[in-house]
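Working notes for the structure below.
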Amino acid sequence: MMNFISLYNKHKDKWWALPFVLPFLLYPITQYLSAYGQVNDYEIPFYYLNMALMTALTMIYGVKALPGIMLCLFYRVYPDRGFEPAIMSLIHYFTSAAISCAGYYYFTGKRGVASFGRYNLTWQRIFWLVFVNATLFLHYYHAELYLGLFGIHGSQMYVSPFTTRTLINYQGMLVGNMTGLPMCYLVIRSIRTPTYLGKYFRKIRSQVAEDLRLPELLCFFGSLITLTMLMVLPRSHTLMLMNSVYTLTLLLPVMIWGTLRLGHAAISLVWWVLLIVLCNNFHSYIPEDANYQLHLAVASSCFVAFSITITLMAINISRQRALNIKTKRLTSIDPIVHLPNLLALNSDLNKNTVSILCQLYIPELELLGRHYGLLMQIQYKQQLAHFLQPVLGKGEVIYTNSVLDLIIRLCPLHAEKRIDELHNRAKKFRFIRDGVKLYPQIGCSYCIINYPVGHLYLLIGELRALAEISLATNLPVDMRKQSSRLVQNQVKVKVDMMNQLQRALELGRFILMAQPIENKNGERYHEVLLRMRGNRDEIIFPDTFLPLANEFGVSSDIDLWVLNNTMKFMDKTRNSQPNQRFAINLTPASICRMDMANLIENMLVQYGIAPEQIVLEVTETDELTNNQQAVKTLDALQRLGCKIAIDDFGTGYASYARLKNMHADILKIDGSFIHNILSSEMDYKIVQSICELARMKNMTLVAECVETDEIRNTLFAMDIDYIQGYLIAKPVPIESLQATV
């Protein structure tokens with residue numbers, strides 16, 4: 001059997017195979033299904049499918065169809081009419097089909113062989129394969145009649161073409177091509193490739209309206225069958241009006257109803273079958289009276305108009321439905337990562353009674369994305385999703401949430417085992433970038449979720465909070481084993497704090513504090529510190545709200561507020577304190593802004609502040625060290641005349657190696673080295689080495705968290721320039737400095 005199928009597939013398109021055999025197989029069928037009428041003792045086609053068959057064969061096989069078509073036509077015509085009429089039939093059949101197909105393919109190219117129902121090919125098909133084809137066929141036919149090339153056969157004698165008979169003949173060919181071509185194409189393609197039939201029925205299913213139900217379908221077919229039976233039944237019933245050509249007008253609204261609900265693929269089949277029945281039984285509803293020819297022409301024109309209307313409307317409806325499906329699918333796919341999004345997740349959860357929701361959280365992606373670009377984040381998530389696929393079962397899907405998350409919907413069977421397996425595989429993932437393996441830590445949390453789902457977005461927020469806990473434990477966290485109320489409260493606290501931040505920015509509910517930084521001679525400048533008023537006017541310290549400001553991207557706005565209000569205060573008090581200097585902290589987000597240097601310069605000009613009066617403190621982080629924009633901003637500020645201070649040196653990303661490449665004026669030693677400088681020889685040596693290196697770079701040294709006289713004396717003995725801490729003074733509201741001389 002396999003050998004036969006292989007042999008069939010290998011040779012089926014040879015000119016001596018299907019292109020040769022199909023005309024002999026299908027011509028008798030199309031001849032039988034075609035309808036003919038008698039007008040003035042002349043037989044004319046009322047519904048003509050033979051030409052549609054020849055055109056479909058030529059359209060699919062091209063010149064390979066020529067031998068089969070010619071031999072078939074010769075075999076069918078020669079016994080009845082002789083050699084010369086048979087040759088003439090070959091010429092006008094094949095010439096009209098060949099010219100129309102050649103013109104069609106000239107404008108469409110190879111895509112012209114695609115299945116029927118495509119919007120972008122519709123007008124070319126109607127013009128070339130229907131109108132041009134039928135027109136050429138009729139003109140060739142009448143030319144041959146005029147020249148007497150069909151012999152002396154009674155029904156093939158020349159008459160004037162400007163008659164009702166010619167009109168009916170022409171309309172019969174138009175209808176035959178319009179409705180017969182798609183059906184002949186379907187039959188030929190199905191014989192050539194049997195799987196095409198399954199594809200066609202899948203197309204029918206995809207084009208049918210989603211809300212179509214069986215009662216409506218039965219009602220449609222019931223109406224269609226009833227009207228058809230009233231037309232084709234013998235004239236023995238009393239509904240004479242229904243048993244007439246006027247009943248055709250009732251078919252159109254019913255067919256339009258079906259077109260709107262079924263689409264092109266299904267309605268084409270229905271209309272084709274209906275036409276065969278109506279055209280082969282036209283004697284039942286067209287009376288043979290004095291107006292017989294007129295009624296026949298009216299019925300024929302109705303079939304043409306209905307066919308064009310139904311075809312165009314069906315193709316447009318199917319196209320619109322396909323676009324809607326595509327749009328719906330695209331809205332469920334993340335356009336960047338190309339993974340299903342939360343909309344798709346919500347839809348899929350509602351289709352399953354019970355599901356396991358697993359969230360993978362990769363916080364370091366944000367940092368890596370800033371250094372390597374958005375493309376790295378996209379590739380990481382795509383490759384991680386692909387890496388996890390082997391451990392997923394049927395129907396289990398990976399979705400994308402934010403830049404830092406992947407969400408996986410799992411079946412509830414053996415949930416904990418599956419989660420462990422998934423988490424272990426995720427930890428084995430290695431992303432290679434420029435030959436370097438990157439493996440950020442991945443947090444994992446999960447929960448069971450039941451249909452219906454009405455709180456998905458809140459649930460995802462809770463899972464994110466649990467995934468952060470997983471980063472510390474390196475184990476998946478089950479929401480059932482955690483306090484859901486605690487997680488919800490954490491999320492609520494974050495949201496509440498964010499609202500307070502926004503309110504503080506809008507209403508100026510921040511408080512500027514100032515803490516002095518003093519040298520051994522008593523000369524001072526002040527560091528500006530920030531506090532925020534809460535909803536109940538309580539004082540909120542920066543370690544509470546600044547991490548959230550960084551997370552939600554408003555830290556730069558806070559920095560600008562501090563800069564503006566500090567300079568406004570300096571302008572206000574310039575007469576009483578003309579030479580005051582302030583150190584202002586800038587977050588990495590501010591330093592990485594392209595316009596930050598220009599914004600600070602504009603403020604200095606606006607308030608008439610000398611750049612030397614401003615010290616800008618930045619914490620030395622990996623983000624600043626590896627960010628070209630941060631380097632440009634700091635260089636621009638130094639050229640402007642502002643002093644740059646490196647804050648909290650000795651912690652985080654700061655190191656001796658990086659100290660070599662720093663371009664700053666002031667170095668502030670972190671207080672963690674100062675607290676125990678008298679009792680810890682290690683801390684003493686570290687501070688001493690920092691001082692030596694800073695001196696080599698001509699940097700001013702500031703020691704933080706100085707609280708005793710002994711520590712102060714030790715630091716000044718080490719040639720520390722300035723000290724800061726509670727020994728000098730605690731932070732006070734900046735307005736209180738006005739009273740200081």
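Comparing Gly608, Tyr439, Leu33 along the charge dipole axis of the chain, the residue lying farthest to the positive side is Leu33, per the Cβ-charge model.
Enumerate the lysines that Lys481 could reach by cross-link, defined here as Cα to Cα under 18 Å, with residues fewer than 8 away along the same chain left out. Lys481 reaches Lys417. Thr108 contributes an accessible area of around 10 Å² to the protein surface, as traced by a 1.4 Å probe with all chains present.
Summed over qualifying helices (DSSP H, 4 residues or more, each -39500 (n - 2.57)) and divided by its residue number, the chain shows a 222 nm mean residue ellipticity of -18000 deg cm²/dmol.
Would you mind giving the average projected area, over all directions, of the Cα convex hull of the range 1-70 in nm² with one decimal? Answer in nm², one decimal: 5.7.
Once the Kirkwood radius over Cα pairs is known for the range 490-626, the Stokes-Einstein relation at 20 °C and 1.002 mPa s delivers a diffusion coefficient of 133 µm²/s.
Apolar share of the accessible surface for the chain: 59 percent from carbon plus sulfur atoms, 1.4 Å probe.
Take the residue pairs Lys632/Lys697; Lys12/Lys203; Lys632/Lys730; Lys203/Lys328 and return only those whose Cα atoms are more than 23 Å apart.
Details: Lys632/Lys697 20 Å; Lys12/Lys203 25 Å; Lys632/Lys730 35 Å; Lys203/Lys328 18 Å.
Distance filter (> 23 Å) returns Lys12/Lys203; Lys632/Lys730.
Given N residues in the range 57-106, what is Rg(Cα) / (2.2 N^0.38 Å)?
Details: Rg = 11.6 Å, N = 50, 2.2 N^0.38 = 9.7 Å.
Normalised Rg, Cα atoms only: 1.19.
Farthest toward the positive end of the dipole of the range 536-639, out of Pro588, Leu637, Thr619, is the Cα of Leu637, where the dipole comes from beta carbon charges about the Cα centre. Solvent exposure of Ile448, expressed as accessible area, is near 80 Å², computed with a probe of 1.4 Å over the protein chains only. Across the chain, counting alpha-carbon atoms alone, Rg and Dmax equal 42.6, 133 Å. Determine the shape class of the range 409-551: with a ≥ b ≥ c the square roots of the Cα gyration tensor eigenvalues, call it rounded for a/c under 1.5, and otherwise prolate if a/b is greater than b/c, oblate otherwise. Taking the square roots of the gyration eigenvalues as a ≥ b ≥ c, the range 409-551 is oblate.
Label the range 306-453 by shape, choosing from rounded, prolate and oblate, from the square roots a ≥ b ≥ c of the eigenvalues of the Cα gyration tensor; if a/c is under 1.5 it is rounded, and otherwise prolate applies when a/b is larger than b/c, oblate when it is not. Oblate is the answer for the range 306-453, as a/c is 1.5 or above yet b/c matches or exceeds a/b. How high is the FRET efficiency from Met498 to Asp595, r the C-beta distance, R0 25 Å, rounded to 0.05? According to the calculation, E is roughly 0.55. Across all Cα pairs in the range 202-357, the calculated P(r) in 5 Å bins from zero up to the longest distance comes to 1, 8, 14, 15, 14, 11, 9, 7, 5, 4, 4, 3, 2, 1, 0, 0 percent per bin. Only aspartates and glutamates eight or more places from Lys351 in sequence, or on another chain, were considered; those with a Cα closer than 15 Å are Glu396.
Which FRET efficiency value, to the nearest 0.05, do you get for Ala102 and Phe387 by plugging their Cβ-Cβ distance into 1/(1 + (r/R0)^6) with R0 = 56 Å? Result of the calculation: an efficiency of 0.60. The range 271-349 and the range 167-216 have their alpha-carbon centroids 10 Å apart. Solvent-accessible surface of the chain, averaged per residue with a 1.4 angstrom probe and all protein chains in place: 49 square angstrom. Converting phi to 3J(HN,Hα) with the Karplus coefficients 6.51, -1.76 and 1.60 and the offset θ = phi - 60°, the range 390-402 yields x, 8, 8, x, 5, x, 8, 10, 9, 10, 10, 10, 9 Hz in sequence order, with x at every glycine or proline.
Using mean Cβ contacts within 10 Å as the protection proxy, how do 45-53, 248-256 order, highest first? Can you show the working numbers first?
Details: 45-53: 25.8, 248-256: 16.4.
Output ranking for 45-53, 248-256: 45-53, 248-256.
Taking all protein chains together, Met594, Met718, Met173 sort by accessible area into Met594, Met718, Met173, largest first [probe 1.4 Å]. Taking a ≥ b ≥ c as the square roots of the Cα gyration tensor eigenvalues, the range 1-141 comes out oblate, since a/c reaches at least 1.5 and a/b does not exceed b/c. Counting only residues at least eight positions apart within a chain, or on another chain, the aspartates and glutamates with an alpha carbon under 19 Å from that of Lys394 are Asp348, Glu416, Asp420, Glu421.
The values are calculated or read from the model by the stated rules, or taken from the named source; none is laboratory data. Because the structure is a prediction, the values reported are computed rather than measured. No Cβ is skipped: glycine too gets one built from the backbone with ideal geometry, and neighbour counts run over all protein chains shown. To get the accessible areas, we keep the full protein, side chains included, count just its heavy atoms, and leave off ligands, DNA and RNA. Shrake-Rupley method; radii C 1.70, N 1.55, O 1.52, S 1.80 Å.
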